[in-house]
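Below: the structure, in structure tokens.
The values are calculated or read from the model by the stated rules, or taken from the named source; none is laboratory data. Here the structure is a predicted model, which is why all the values come from computation and not from measurement. Cβ sites come from the backbone with ideal geometry, for glycine too, and all protein chains shown count toward neighbours. Each accessible area value is taken on the protein alone, full model and side chains, heavy atoms only, with ligands, DNA and RNA left out. Shrake-Rupley method; radii C 1.70, N 1.55, O 1.52, S 1.80 Å.
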Amino acid sequence: MEDLDGTYWELVRLGEEMPVTGAGGRRIDGSFTDDPSPMLYGFSGCNTYRSAYVTDGNQLSFGPGMSTMMACPEGMDVEHRFLGMLEEVASYRTTGGTLELCNEAGATLAVFEAAERST
């Protein structure tokens with residue numbers, strides 16, 4: 001998990017869709033933390049989200065997520081696909097500054113790149 005924790009990740013591919021942006025052209029993102037408990041949090045296309053996670057080696061699964069409940073004129077469709085994808089994640093792999101979330105069969109569901117958090 002050390003290769004995930006503390007890194008700010010921006011989504012660059014969701015399924016076959018590239019690039020992936022939400023409301024206002026903002027990239028979907030996520031950061032993993034384990035303080036005080038394992039949590040992924042970030043921007044999901046319209047709202048902010050967080051979801052507990054569990055790892056075992058390269059196995060990864062997410063618990064039920066929570067998000068704010070705003071409605072946006074854009075970004076809602078990609079947000080629904082992104083949050084639904086998290087439910088299918090079974091493993092991950094990192095290579096350099098890239099994070100791939102994979103399903104049980106090992107197929108890539110989403111690709112993130114490490115980035116600098118903008119203020």
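Side notes on the structure shown:
- Rounded to whole numbers, the Karplus 3J(HN,Hα) couplings from phi for segment 52-68 are 5, 9, 9, 10, 8, x, 9, 6, 8, 9, 10, x, x, x, 10, 8, 5 Hz, using 6.51 cos²θ - 1.76 cosθ + 1.60 with θ = phi - 60°, and x at Gly and Pro.
- Under-5 Å amide H pairs with A110, H placed in peptide plane, nonlocal only: G15, L101
- Selection among M69, F82, A105 by position relative to the dipole of the chain gives M69 as farthest towards the positive end (Cβ unit charges, Cα centre).
- Rounded to the nearest 10 Å², the accessible area of T98 at probe 1.4 Å: 40 Å²
- Using the Cβ-Cβ distance between V54 and A114 with R0 set to 25 Å, the FRET efficiency from 1/(1 + (r/R0)^6) comes to roughly 0.70.
- Surface composition of the chain: carbon and sulfur make up 51 percent of the accessible area, probe 1.4 Å.
- In this calculation the C-beta distance from S31 to A105 is compared with R0 = 30 Å, giving a FRET efficiency of 0.65.
- In sequence order, calculated HN-Hα J values of segment 76-81 (Karplus, 6.51, -1.76, 1.60; Hz; x Gly/Pro): 5, 5, 5, 4, 4, 5
- Cut-off under 5 Å, modelled amide H: who pairs with C46 long-range: A23
- Student exercise, segment 1-41 dipole from Lys, Arg, Asp, Glu Cβ charges, in Debye to nearest 20: 320 debye
- Value of relative contact order over segment 23-72, rounded to a whole percent, pairs C-alpha under 8 Å and six or more apart: 27 percent
- Accessible surface for the chain, divided over its residues, is 56 Å² per residue with a 1.4 Å probe.
- Prolate/oblate/rounded label for the chain (Cα gyration tensor, a/c 1.5): rounded
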